[in-house]
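What follows is a single structure, written as structure tokens, with notes after it.
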Amino acid sequence: MRIIIIGCGHTGGGLARELSLAGHAVTVVDSNPASFERLGPSFKGEMITGVGFDRDVLLRAGIERADGLGAVTSSDETNVVTARVAREVFHVPKVVARVYDPRKAEIYRRLGLQTISPVSFGIQRLAELLTFSPVERVQSLGSGDVDIVEAEISPLVAGRTVKDLTVPDEVRVVAITRSGKTFLPTMGTVFQEGDRLHIAVLATSADRLKALLGIG
């Protein structure tokens, strides 16, 4: 894949190195040429000095052929403007902007711009690491609106069906692991003790899921 990284700070530099090592064609853009030193001598991608939302700079970076763009400068405004140009003008398939202010990030998400907020994500992740929960989040989808979680069946839930644990548009059991084998259940599938459930849940419905599992 051809990936453009706007901003070569700690995050941008690390992301560029990781993607490059994974075999992707990476182009890094930053207004400060000294920042490219973070990439190290093993970096095989391209480095371009310039402002990330400048049309000519983006064209030099190959945005017309890019599969993805990550805007991770230290400026929320720069990241958002760059991401919108990439998505709306050049129609880059995958665009993500880092936005430090969680309130702004939510506003931009509602406008259809995919964002990550390291502040809110960090707090949430630390809370998960510092508190035990029988429900384990294994992946976040999109901008963190939907989580894929795993949970082991409690005796209170054994004997109930998938339908009993389904809340339309909020909670859905997508797979069950039983005796070492994973399968896709139907609404009538009956839970057994020892089952491990793989569940898609809205981030805002986590407490409701725990209540359904009898651990709220």
In whole angstrom, largest first, the equivalent ellipsoid semi-axes that the Cα gyration tensor gives for segment 2-120 are 21, 16, 13
Would you work out which of GLY23, THR186, ILE48 lies farthest towards the positive end of the dipole of the chain? Charges go on Cβ: Lys and Arg +1, Asp and Glu -1. THR186
Viscosity 1.306 mPa s, 10 °C: Kirkwood-radius Stokes-Einstein D of the chain over Cα pairs, µm²/s: 82 µm²/s
Top of THR115, THR73, THR166 by mean-square fluctuation, Gaussian network on the chain, Cα under 10 Å: THR166
Over all alpha-carbon pairs of segment 131-212, lay out the pair-distance distribution in 5 Å bins, whole %, shortest bin first. 3, 15, 29, 28, 17, 7, 1
If the only charges are +1 at each Lys and Arg Cβ and -1 at each Asp and Glu Cβ, what is the size of the charge dipole of segment 2-120 around the Cα centre, to the nearest 20 debye? 280 debye
Taking the Cα centre of the chain as origin, work out the dipole magnitude from +1 charges on Lys and Arg Cβ and -1 charges on Asp and Glu Cβ, in debye rounded to 20. 280 debye
Could you work out how far helix 10-21 tilts from the main Cα principal axis of the chain, as a 0 to 90 degree angle to the nearest 10? 80 degrees
Name the residue, out of SER42, SER31, SER117, whose mean-square fluctuation peaks in a Gaussian network model built on the chain with Cα pairs under 10 Å. SER42
For segment 149-155, 3J(HN,Hα) per residue [Karplus equation, 6.51 cos²θ - 1.76 cosθ + 1.60, θ = phi - 60°, Hz, x = Gly/Pro]: 10, 10, 8, 8, 5, 8, x
Amide hydrogen neighbours beyond the local backbone of THR115, cut-off 5 Å, H modeled: ALA97
Excluding same-chain pairs closer than 8 in sequence, count the lysine pairs in the chain whose Cα atoms lie under 28 Å apart. 5
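Rule-based calculations on the coordinates, nothing more; no lab input. This is a predicted model, so every value here is computed, not measured. Note: ideal-geometry Cβ built from the backbone for every residue, glycine included; neighbour counts use all protein chains shown.
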